[in-house]
Structures are given as C-alpha cells and as structure tokens.
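Just below is one structure, and these are the notes that go with it.
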Protein chains: 2
Amino acid sequence: MRARAPASAANLGPGLDVLALALDLYVEVEVEPAECLSVTSDGEGADLPTDACHLAARVASAVSGHDRLAIHVRSEVPVARGLGSSAAIALAAAAAAGADDPLSVAAREDGHADNAGAAFAGGLVAVNALERGWRVSPLPLDIGLAFVALVPDRPLETARARAALPAEVPRADAVFNLGRLALLLEGLGDRRRLVPQATGDRLHQGPRTLLFAEAPGLLAALEAGGALAACWSGAGPTLLGICDERESGAVAGAGRAALADAGVAGRVLELRADVEGLVVGEDARLPARRGGARRGPA
Amino acid sequence: MRARAPASAANLGPGLDVLALALDLYVEVEVEPAECLSVTSDGEGADLPTDACHLAARVASAVSGHDRLAIHVRSEVPVARGLGSSAAIALAAAAAAGADDPLSVAAREDGHADNAGAAFAGGLVAVNALERGWRVSPLPLDIGLAFVALVPDRPLETARARAALPAEVPRADAVFNLGRLALLLEGLGDRRRLVPQATGDRLHQGPRTLLFAEAPGLLAALEAGGALAACWSGAGPTLLGICDERESGAVAGAGRAALADAGVAGRVLELRADVEGLVVGEDARLPARRGGARRGPA
C-alpha cells in the first residue's frame, strides 16, 4: 500500500509543542509484502542508512508485526531541519503498513505529535493529549498565506534543541505565550489581521538561539523583506516567513540575501499550506513539480 | 453622558490573563457636569462608599481632569466575584466622561485588561499588550452557548487570589495550557466540538482552590449536570458552566443543588454572551428584565 504525508512547521512562535501547520512538501511511502526486509530511499534523506533502523522500517514493522516487507520512501522534506520529516515518514509508513490509527503510531514511534497531527489532518492544527488519545483540533487558516522557509544546510538535532530549554519558566512568560497564541490564531485565520507580534515567544526561541546565533537577524530580515510575521519552524534551524501569497517572491529574495549576508549556507523554499493531510492509496503519489523549483524526486 | 458595559468572565480555564468573554449583565454609568462631586449607586455595589474613592469617581475625574461631576452608577454585576464588575465600571465611567480611548483608561485605572477588553468589544476576545497599547482580538463564539454562573455570597479579593499563584511554573504546564487554550477556542467557536478537557488548566485554578476548597466539586457537578465544560470565572469565586442554551435550565438546577450540598451560600445566574460590548449615548441603558429573574435595578 502507498501513503503520502506532508511536511509541517510546528510551534510557529508561541504554540510550543501544540500548534503545527502542514506544508506542501511531501513524503511518499510504499509498503509491500516481501520475503525479507528491504528499504530503498529516494530524494531527501536518501543518504541515511536503509537498514532495519530506518524510521519507515521500524514503523512499518511495528504495525505489521513482522519485517517481511519491501519499503520504498520518496521524500521532498529536508531531514533534521525542523520541517517534520520524521513525523511525515512515520505517519506515511504507518498508513502504508495498514495501521488503523496511523496518527497514534506516528506520535508514539516518532515522538512529535504536533507535526504528526498537522501531517495527518492538513492545514493548521493544535494537538492535545487527552485520556483517549491525541485530539487534533483544526483551526481556521487563510489560504492566501504563503510560507517562505530558510533551510540552513546544517542540521539541528531536535534532542539538542530541546535540551536547551529550561524546565521552569516565569508564569508571566507562560501568560505572554498564551496571549500571542491567540493573536497568532487570529492572524493565521485572516492575514489582514496578522501582525509581527503574533509570533512572539518567550518559551523556546530565546534559548534555542544559543544554538543558532544568526536566527534573530534572519527573522528580522524576513519581516523587513515583507513577511507579515516570522518564526522558527519546529526546533529549527529552518526559519519561516509568513506572508501574503503575492509577497512570497519578494520575501524569498530577501531571505536569500539575508542568508548570504549572514554567511549561512542554505536554501530558500517558497511553500504553501497543504490542506489534504495524509492520503492513502493510489492517489498518494508525490505531486509532479513544474519547473523543478523544489528539491526532491521528479 | 451615559455609557453601558457588560460583565465578563476572564481566563475561562487555560487562558490566564488573556482570554475573556462578555456576559449579559450590565453596568450603566452616567456622568454630568456639576458644582461638586457626587456619586450615587443603585443595584450591585450600592453598599460601597460613594465618595471620591469610588472607582467610577476616580476614573471619571481622571478623564475629566477635575471632579466637578455628578456620577450615577447602576449595576447588575456582583462585586468582587470574578465577573469583571470593576472593569465594567471603569470602562463605562471612562466612556461616560468622554475618554477618547476608554479601554486604555479602564485597563490602567482598574488593572484588568482582559475583562476590560471583553467589556469593550463584546463576545469572546483575547487581549495582548503591544507597544502601541492594548490589542483586543475578537475570536469566534458560538451564539448557541449559555453560561451558568454559580456566584458564592462570599467575595474573593483578586489581590489575594493572585498572591496564591507561584512566580515560576513548569514549562510542561505552560505547554499544557497552550494546548488547552487552542482546544477551548475550537469548542467555544463550535459548541459541538466543546469537550470538558478544553477548560483544563495548570497555571492558576489549582493554587486558587486553596482559597475555595469546594470549587472542584462544584465544577464537577456542573459538568455532571449537563455543562459541556466548566471553569473558574476570573480569579473566582464565581464558577461557570458552559453549556448548550437548551441545557441552561438543567445545568442551573444542578448548580443550585451542588451549592446547597456543599453548604456554599450563593446564587445561580443563567447568562448569555453579550455581543455589543461598550455602548455610549442614549442607548446605553440597562436592558429591561422580564420576570425579574436576575438581581439588579428594574
């Protein structure tokens, strides 16, 4: 069976571990019965070992209860950059292996329920752990928004990014993020109401800047270049400019110039929200790309 | 000049100091030129001293720049119960005294910007302090919701309720509230999606329970009686059952029984959201009440 899941940007500033947005880069996973385990991988992440430790193999084997599987992964999503690659692979692999509840499998095997929730449902979501399992809340999203991703070439391991966060925070900072989360939801639902302060955060972006000192300057450059707001994508290092679709090209140009000025090697992707989420079956192929503007398998 | 402002319930569980909802109990304030200061007061709060220290007098004098004012206050909003009485009085007094920006005046003089924001705009709002002043974000609200308020006879001073809160909180608790805030906004925007966990909170209701030990049992009774969710209103002691309008009577009955069972003297009010917010001018009179079901001036 075949399944496709989108990339995603979690946190988006104030919504730490809660908010996530599906983006139109995709992972496709195919799982077929075989005599013994094989994993092949094209596109992003193709340089990772294709053994039984590959995330898609672990997930598909866990769902199937055995490893007599031929698994093929094709990905457009940069790995370890804060774009939800592992959540998308886990979700698509779980679905392609026939899981009844691929979201729970992905959240358990990969650990990023926020990314998995967005990849599952598409669009903008908030994720909560309730007694009966994960609750994915769909939230209003203005489809006229575009997302410019600055993707540094150097990865940032999520575990290291998380270890930078303090266990205790001032109550005032928690309240600050609650306010900004509501402000962000207002703006993501209607881009005319999106203001730069909406991505304000006091819970994680500050400590993470110790691992990526150029980030504040790059975020400021995205806003100066026309983004309505800017934030880290997940635990980084990808940074996101949120803009009107008509400004996407200008913001991307400003982002390219800012990366060069800062001496940060990387690429700039002009993305849109994905609104389909997980797709299972024959339709679950990677979209054909016109003009080859994006990396990934043709 | 005359102005009217509604009561409000702040916090609503997860949205500490950020989220607030306007409710259909009202304060009316009239301010007229006079030879010297006089304050008269009808309805709720009429037992408070009507001298220059009265909140309406302080606010109207600050706006006018002098105290040669005759001020008349009529209120349906219980005082010091967590229903935004002081924010409504401050807002209406500022507007009746001719303030250009009554919201800023009320937030400054009274200190409760969340309540003042809801009283100003009506409906459900989130309030953020931005560089240029207060930003009130209107949020979707299902008009089929009703709000059953259990209002204990004993007041709970906001300052005391606030002093009960710790200055530092676990980051995991901040994240918990972020998730529940998004879940609550989903449910308040569409009551079919409102679940009891949506009012979950780890930032303030727990510590405040030390000041009102019966609260958890009363909240549980509201939910058992048909409320979709239940929470503290502001810093309490008022507790709120959020329900479908068709269940309001049943939930109110359960609330009355629970108060009696717990030995807590108090009253039960069946409320709806106010969607008008601040009204200034001749229309700013208290609504006529049919059947006298609520306390307050006729």
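Report whether or not B:LEU203 is within 12 Å of chain A (Cβ to nearest Cβ), in a loop (DSSP other than H, G, I, E, B) and open to solvent by 10 Å² or more (accessible area, probe 1.4 Å).
No, not satisfied.
Of all the listed residues (A:ALA60, A:ALA118, A:ALA113), the sole one being touching a Pro at 6+ places or on another chain (Cβ under 9 Å) and crowded, with 19+ Cβ neighbours inside 10 Å is A:ALA118. Of the residues in segment B:43-52, none is surrounded by fewer than 18 Cβ atoms within 10 Å (Cβ to Cβ), in the same structural domain as B:PHE120 (by TED's automatic domain parsing) and touching a residue at least 40 places away in the same chain (Cβ under 8 Å).
Counting only residues that are of a type in the set (Val, Ile, Thr) and open to solvent by 10 Å² or more (accessible area, probe 1.4 Å), which one in segment A:128-149 is nearest to B:LEU181 (Cα to Cα)?
For segment A:128-149, the residue satisfying everything is A:VAL136.
Checked against (1) touching a Ser or Thr at 6+ places or on another chain (Cβ under 6 Å); (2) within 20 Å of A:ALA260 (Cα to Cα), A:ALA229 meets all criteria but (2). Is it the case that segment A:266-283 has a residue that's open to solvent by 30 Å² or more (accessible area, probe 1.4 Å) and under 19 Å from A:LEU156 (Cβ atoms)? Yes: segment A:266-283 contains one or more residues that are open to solvent by 30 Å² or more (accessible area, probe 1.4 Å) and under 19 Å from A:LEU156 (Cβ atoms). Looking at A:VAL73, is it in a loop (DSSP other than H, G, I, E, B), of a type in the set (A, V, I, L, M) and in contact with a strand residue (DSSP E or B) (Cβ under 7 Å, 6 or more places away or on another chain)? Considered against the rule, which asks whether it is in a loop (DSSP other than H, G, I, E, B), of a type in the set (A, V, I, L, M) and in contact with a strand residue (DSSP E or B) (Cβ under 7 Å, 6 or more places away or on another chain), A:VAL73 comes out as no. Of the strands (runs of 3 or more DSSP E) entirely within segment A:110-186, those holding at least 1 residues that are within 14 Å of chain B (Cβ to nearest Cβ) and more than 28 Å from A:GLU214 (Cα to Cα) occupy A:124-130, A:133-139. Pairing each residue of segment A:1-25 that is open to solvent by less than 10 Å² (accessible area, probe 1.4 Å) with any residue that is basic (Lys, Arg) and at pLDDT 95 or above, provided the two are 6+ apart or on different chains, yields C-beta distances under 6 Å for A:PRO14/A:ARG180. Does segment A:86-104 hold any residues that are open to solvent by 10 Å² or more (accessible area, probe 1.4 Å), within 21 Å of A:VAL18 (Cα to Cα) and among the small types (Gly, Ala, Ser), and which are they? If the condition is that a residue be open to solvent by 10 Å² or more (accessible area, probe 1.4 Å), within 21 Å of A:VAL18 (Cα to Cα) and among the small types (Gly, Ala, Ser), then A:SER86, A:SER104 are the ones that fit. Do we find a residue being of a type outside the set (Asp, Glu), touching a helix residue (DSSP H, G or I) at 6+ places or on another chain (Cβ under 7 Å), at positive phi and not assigned by TED's automatic domain parsing to the domain that holds A:SER85 anywhere in segment A:236-256? Within segment A:236-256 (the criterion being of a type outside the set (Asp, Glu), touching a helix residue (DSSP H, G or I) at 6+ places or on another chain (Cβ under 7 Å), at positive phi and not assigned by TED's automatic domain parsing to the domain that holds A:SER85), the answer is yes, since at least one residue qualifies. Give me the residue from segment B:228-250 that is over 23 Å from B:SER85 (Cβ atoms) and not in a strand (DSSP E or B) and, out of that set, most open to solvent (accessible area, probe 1.4 Å). Checked segment B:228-250; the qualifying residue most open to solvent (accessible area, probe 1.4 Å) is B:ARG246. Of everything in segment A:4-28, what is more than 16 Å from A:GLY123 (Cβ to Cβ) and more than 14 Å from chain B (Cβ to nearest Cβ)? Give them in sequence order. Passing the criteria: A:VAL27, A:GLU28. None of A:ARG135, A:ARG58, A:ARG68 is within 20 Å of A:ALA9 (Cα to Cα), charged (D, E, K, R) and modelled with pLDDT of 95 or more except A:ARG135. Cβ separations smaller than 6 Å between residues 6+ apart or across chains give the following pairs from segment B:58-78 residues that are within 10 Å of B:PRO33 (Cα to Cα) to residues that are part of a strand (DSSP E or B): B:LEU69/B:VAL31; B:ALA70/B:GLU32; B:ALA70/B:SER38; B:ILE71/B:VAL31; B:ILE71/B:VAL39. None of A:ARG193, A:ARG162, A:ARG171, A:ARG154 is within 15 Å of B:ALA126 (Cα to Cα), open to solvent by 10 Å² or more (accessible area, probe 1.4 Å) and not assigned by TED's automatic domain parsing to the domain that holds A:LEU21 except A:ARG193.
The values are calculated or read from the model by the stated rules, or taken from the named source; none is laboratory data. Keep in mind that this is a model prediction, so the values were computed, not measured. Because the Cβ atoms are built from the backbone with ideal geometry, glycine has one as well, and the counts that use them run over all protein chains shown. Quick note on the areas: whole protein, heavy atoms, side chains included, nothing else; ligands and nucleic acids left out. Shrake-Rupley method; radii C 1.70, N 1.55, O 1.52, S 1.80 Å.
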